[in-house]
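In what follows, a structure is listed as structure tokens, so that the remarks can point back to it.
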Amino acid sequence: MDYIIKLAFVLIVFIYSWFFQVQNQEWDVVRSMLKDANNIAVHDAAQEIDEQELSQGRLIIDPVEAYATFLESLQLNLGLDDALSPLTGSRLHQPIKIVKFVILDESGGKVFPLLYEDSAYGITKYLKGPSVVAVIETAHPLLVVRNKVQEPIRVPAIQENIIRYYP
């Protein structure tokens, strides 16, 4: 009887450890997907240059078009609906939340290069030209219920249009 109780205890510890490892692997996969999709989305958004302003010699990103392109790119790359919830067949299980979306360009009187800092999300980057900054997040995948609530998976991305002046 003593042997069966010890074996049951070891089996429970093994199964708990196994589920914890699977949960960590799922976290890694989801974070990688979010990072790739966010990088693509900010790249697409940064390409929405206002042609009228460009003809005046100013590199201005159209905020309405950039945000719409950002949303569309996230939806296509992550398999999301209009509410940013996962569609059937998506690898994600929880909705995505756009925590921050900022356009830094010459329209706000900014002069490049500049140092962009956001201590709330741990972003510090030396920007050489007009840029799009976005932070997205989703809930941590749960396979093992614990007392500690896991922080959401939060992923920042920055895309800049580098201005090069040639003499």
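Test of understanding: among Glu117, Glu151, which residue is surrounded by fewer than 13 Cβ atoms within 10 Å (Cβ to Cβ), within 21 Å of the chain's Cα centre (by Cα), at pLDDT 90 or above and not in a helix (DSSP H, G or I)?
That would be Glu117, the only listed residue that is surrounded by fewer than 13 Cβ atoms within 10 Å (Cβ to Cβ), within 21 Å of the chain's Cα centre (by Cα), at pLDDT 90 or above and not in a helix (DSSP H, G or I).
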Point to revise | Residue list for region 24-65, restricted to those being exposed (fewer than 14 other Cβ atoms within 10 Å of the Cβ), aliphatic (A, V, I, L, M) and within 16 Å of the chain's Cα centre (by Cα) | key: Val29
Review point. Does Arg91 count as among the charged types (D, E, K, R) and assigned to a loop (DSSP other than H, G, I, E, B)?
Key: yes
Practice item. Hey, could you check region 66-98 for residues that are surrounded by fewer than 16 Cβ atoms within 10 Å (Cβ to Cβ), of a type in the set (A, V, I, L, M, F, W, C) and modelled with pLDDT under 95 and say which is farthest from the chain's Cα centre (by Cα)? Key: Leu87
Review point. Quick one: would you say Arg58 is within 15 Å of Ile103 (Cα to Cα), outside any helix (DSSP H, G or I) and basic (Lys, Arg)?
Key: yes
Study note, to complete from the structure: Glu48 vs (1) at pLDDT 85 or above; (2) farther than 17 Å from Val155 by Cα; (3) out of contact with any strand residue (DSSP E or B) (no Cβ under 7 Å at 6 or more places or on another chain): all pass except (3)
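The values are calculated or read from the model by the stated rules, or taken from the named source; none is laboratory data. Remember, it's a predicted structure, so these values are computed and weren't measured experimentally. No Cβ is skipped: glycine too gets one built from the backbone with ideal geometry, and neighbour counts run over all protein chains shown.
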